[in-house]
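Q: Got a structure here, written out as structure tokens. Questions coming.
Just so it is clear, none of the values below were taken in a lab; they were calculated from the coordinates. What you see is a predicted model, and the numbers here were worked out from it, not measured in a lab. We place every Cβ from the backbone using ideal geometry, glycine too, and count neighbours over all the protein chains shown.
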Amino acid sequence: MQMWLQHLNDLETTLCRACSRPSRRQWIQRSFALISRLGDGIFWYSLIALLPLTHGTYGLQTSLHMLLTGGVALALYKSLKRFTRRERPCNHASDIVALVPPLDRYSFPSGHTLHAVVFTMVAIHYFPQLAWILVPFTLLVAGSRVILGLHYPSDVLVATGIGLLLADTSLALLG
């Protein structure tokens, strides 16, 4: 496993360098750092708290579904990180700098992306009118993780796939 990850790291490092280069501009770095920080949970937990207040029982049902699916996503991504132990790009290549402190040591998969995709898909199932804000925000969160030097593109792409599959499964079971 580690040999395969090392080869994948080497392949993606050039792309990571290219993606993180523009973030050396202060305004880009600050913007993506803010997006990433909001993706830590502030944005999502605010939405989860707000839905029952604004939409009653239906909002509560949505929030509970988001929390349940988010809990499964958390357990899944932590297990995958422990299993794969893929070092972050900023740990693999000395010229890639983590522009915000990482929440943990390993990069695969991107927990920010996984949760953003899961929360977005569940929320827009119940409230399609939220898609105009949630989909772009999710894309920005996912992109921020690579731009800030914290994840490889494959970390984000696989997390997106896992998030879509998990959301789809939870909607089939609970939606």
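Q: Net charge within 10 Å of residue 108 by Cβ-Cβ distance, Lys/Arg positive one each and Asp/Glu negative one each, not counting residue 108 itself?
A: Details: positive: 81, 85, 86, 88; negative: 87, 155.
Charge balance near residue 108 sits at +2.
Q: Oh, and also: Evaluate the distance, in nm, between pseudo-label points positioned 7 Å from the Cα of residue 164 and of residue 49 along their respective Cα→Cβ axes.
A: So the two model labels end up 3.3 nm from each other.
Q: Starting at the first residue of the stretch 127-143, write each ³J(HN,Hα) from the Karplus equation 6.51 cos²θ - 1.76 cosθ + 1.60 with θ = phi - 60°, in whole Hz, x for Gly and Pro.
A: Result, ordered by residue: 10, x, 5, 7, 4, 4, 9, 6, 5, x, 4, 4, 4, 5, 4, 4, x Hz.
Q: Within the set of other residues whose C-beta is less than 13 Å from the C-beta of residue 78, count the net charge using Lys and Arg as +1 and Asp and Glu as -1.
A: Charge balance near residue 78 sits at +3.
Q: Label residue 172 and residue 64 with points 7 Å out from Cα along Cα→Cβ: what is the distance between them in nm?
A: 2.3 nm
Q: What does the net charge come to around residue 161 if you take all other residues with beta carbon closer than 12 Å to its beta carbon, with K and R at +1 and D and E at -1? Walk me through the numbers on the way to the answer.
A: On the way: positive: none; negative: 155, 168.
My count for the surroundings of residue 161 gives -2.
Q: Starting with the highest mean, order 63-73, 36-46, 106-116 by the number of other Cβ atoms within 10 Å, averaged over the residues of each peptide.
A: Listed from highest to lowest mean packing, they are 106-116, 63-73, 36-46.
Q: So, one more: Once label points are set 7 Å from the Cα along Cα→Cβ at both residue 57 and residue 31, what is their separation, rounded to one decimal in nm?
A: In this crude spin-label approximation the distance works out to 4.4 nm.
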